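A short reminder: the numbers here are calculations on the coordinates, not readings from a lab. Computed from a predicted model, the values in this text were never measured in an experiment. FYI the Cβ positions are ideal-geometry reconstructions off the backbone, even for glycines, and counts take in every protein chain you see.
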Amino acid sequence: MRPLAILGGTFDPVHHGHLRAAWEAAEALDAEVRLVPARTPPHRPPPVADAAGRVALLRAALAGQNRLTLDTRELDRDGPSYTVDTLASLRADIGPDRPLVLLVGADAFAGLASWHLWQDLFTFAHVGVLTRPGGGSHEPTGPLANFVAGRRAERVRGPAGAVVHIAITPLDIAATAIRESFAAGGEPRFLLPTACFEDEALLAPYRALGQPS
Ligand code: ATP
């Protein structure tokens, strides 16, 4: 059964770092990967682009292929976007047997024990840790280290519960730097898909950062 993997984030805006990581995970796991934009990310300032704007950019970025898809379920839900709720909802959709993989960066994985109901994540899904070679050590410590000991696996087998490392090509691209470039009046081409620049309206919220208010 082909795994389903998800990569959550604010995607404010989506960029080639996200897309390449998702693509490499899709190839490594032979999975469908869904990008899941967050509506109200806990512990973060509100995104520059509203949900509709971020979705429009994602649609433009994903056009022309069907291995990476978009899942807007967090945008349809009220309140904060807890990953555990998203996984429960996906599990209900796909049934008990299909492997489900939560993709997280190695840095995020090291902080997993601060996530809402973090141990329950493993009842719904495997965790795929996106590991950037040379990206420094993000070894889990404390309760997380104990919890994941014995769960590490070479490949995804069964519906949920394991930790799998997925080596990805490091691309030093961050949405923060893209927003900063727009705020400085720049044009950060080739950090995000060309398609995102083709419709003027898509990047307008970011360009507005560079305009006097
Ligand atoms: P910001 O700069 O606004 O914090 P970001 O570029 O890190 O944003 P997010 O939307 O927070 O993007 O990221 C969503 C997911 O994509 C996270 O799991 C994050 O680790 C991963 N990710 C972001 N940038 C990269 C990258 N360059 N390479 C690999 N994974 C990335």
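Observations on the structure shown:
- Any hit, segment 189-209, residues being within 12 Å of the ligand (Cβ to nearest atom), more than 16 Å from Leu103 (Cα to Cα) and not aromatic (Phe, Trp, Tyr): yes
- Selection status of Glu139, acidic (Asp, Glu) and either over 19 Å from Ala26 (Cβ atoms) or touching a residue at least 60 places away in the same chain (Cβ under 8 Å) (or both): yes
- Filter result for the condition that a residue is within 14 Å of the ligand (Cβ to nearest atom), in contact with a helix residue (DSSP H, G or I) (Cβ under 8 Å, 6 or more places away or on another chain) and either under 22 Å from Ala5 (Cα atoms) or charged (D, E, K, R) (or both), over Ala110, Ala183, Ala160: Ala110
- Check on Pro193, surrounded by 15 or more Cβ atoms within 10 Å (Cβ to Cβ) and within 20 Å of Trp23 (Cα to Cα): yes
- Residue in segment 171-178 that is away from the ligand (no atom under 16 Å from the Cβ) and within 21 Å of the chain's Cα centre (by Cα) present: no
- Which listed residue is out of contact with any helix residue (DSSP H, G or I) (no Cβ under 9 Å at 6 or more places or on another chain) and farther than 24 Å from Thr123 by Cα, from Pro46, Pro96: Pro46
- Selection within segment 95-112 - in a helix (DSSP H, G or I) and touching a residue at least 24 places away in the same chain (Cβ under 8 Å): Ala106, Asp107, Phe109, Ala110, Leu112
- Residues of segment 1-40 that are without any contact (Cβ under 8 Å) to a residue 24 or more places away in the chain and either in contact with an Asp or Glu (Cβ under 8 Å, 6 or more places away or on another chain) or near the ligand (Cβ under 9 Å from one of its atoms) (or both): His18 alone.
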